[in-house]
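First comes the structure, then the notes that go with it.
The values are calculated or read from the model by the stated rules, or taken from the named source; none is laboratory data. What you see is a predicted model; the values in this text were computed from it and never measured. Note: ideal-geometry Cβ built from the backbone for every residue, glycine included; neighbour counts use all protein chains shown.
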Amino acid sequence: MSERGREPTAPFGVAEVSGPSMYPTLRQGDQLLVHYGARVRPGDVAVLRHPLQQDLLIVKRLVERRGGGWWVLGDNPGAEGDSRVFGAVPPELLLGRVCGRFRPRGPDQRSVLAVASWALTAVRPVLCDRSVSRRLRAR
């Protein structure tokens, strides 16, 4: 995730996804609209400071409150770097809720059909998914 180590100065901001941990919900290069300081609930996708490297921002799905913090997991079960590695994330490291994503057009999307397909799917809300939260919690 970019925006490395910066404190948010406005209620909304943009961050860029790097890495596969939230695939298929989010992909490498997706631009995220983040609502800093927003109320969150289990199932939300959120931006957090990494508990072991606090100058690094990460994006994960909030699964549940556990031991005074948030248990967070990526949507990609094969990717590492979530609460299975570092435990519950203290609430003061939670920065904001992801509201939406913009997927930039790829260099191979040149045909009229490819551009039309991209245009219909490029901007999407990132919604709370409690069913995903329950499924991830069962891992």
Of all the residues that make up the range 32-47, how many are surrounded by 21 or more Cβ atoms within 10 Å (Cβ to Cβ) and assigned to a strand (DSSP E or B)? 5
Of the residues in the range 14-48, those that are among the β-branched types (Val, Ile, Thr) and out of contact with any Asp or Glu (no Cβ under 6 Å at 6 or more places or on another chain) come to Val14, Val34, Val40, Val45, Val47
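Any idea which residue in the range 103-127 is surrounded by the most Cβ atoms within 10 Å (Cβ to Cβ), counting only those that are of a type in the set (A, V, I, L, M, F, W, C) and assigned to a loop (DSSP other than H, G, I, E, B)? Spell out the reasoning first.
Taking the range 103-127 as the starting set, the residues that turn out to be of a type in the set (A, V, I, L, M, F, W, C) are 112-116, 118-120, 122-123, 126-127.
Keeping just the survivors that are assigned to a loop (DSSP other than H, G, I, E, B) gives 122, 126-127.
Details: Ala122: 15, Val126: 22, Leu127: 14.
Step by step, filter the range 103-127, then rank; the result is Val126.
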Please work out if Gly100 is among the small types (Gly, Ala, Ser), surrounded by fewer than 17 Cβ atoms within 10 Å (Cβ to Cβ) and part of a strand (DSSP E or B). yes
Could we say that Ala79 is surrounded by fewer than 17 Cβ atoms within 10 Å (Cβ to Cβ), of a type outside the set (Val, Ile, Thr) and over 20 Å from Arg130 (Cβ atoms) here? yes
Those residues of the range 1-31 which are over 12 Å from Val47 (Cβ atoms), part of a loop (DSSP other than H, G, I, E, B) and modelled with pLDDT of 90 or more, in sequence order: Pro11, Ser18, Gly19, Pro20, Ser21, Tyr23, Pro24, Thr25, Arg27, Gln28, Gly29, Asp30
For the range 48-59, state whether one or more residues are among the polar types (S, T, N, Q), in a loop (DSSP other than H, G, I, E, B) and over 20 Å from Pro11 (Cα atoms). no
Being closer than 15 Å to Arg101 by Cα, surrounded by 13 or more Cβ atoms within 10 Å (Cβ to Cβ) and in contact with a strand residue (DSSP E or B) (Cβ under 8 Å, 6 or more places away or on another chain) narrows it down to one residue among Val59, Val72, Val63; which is it? Val59
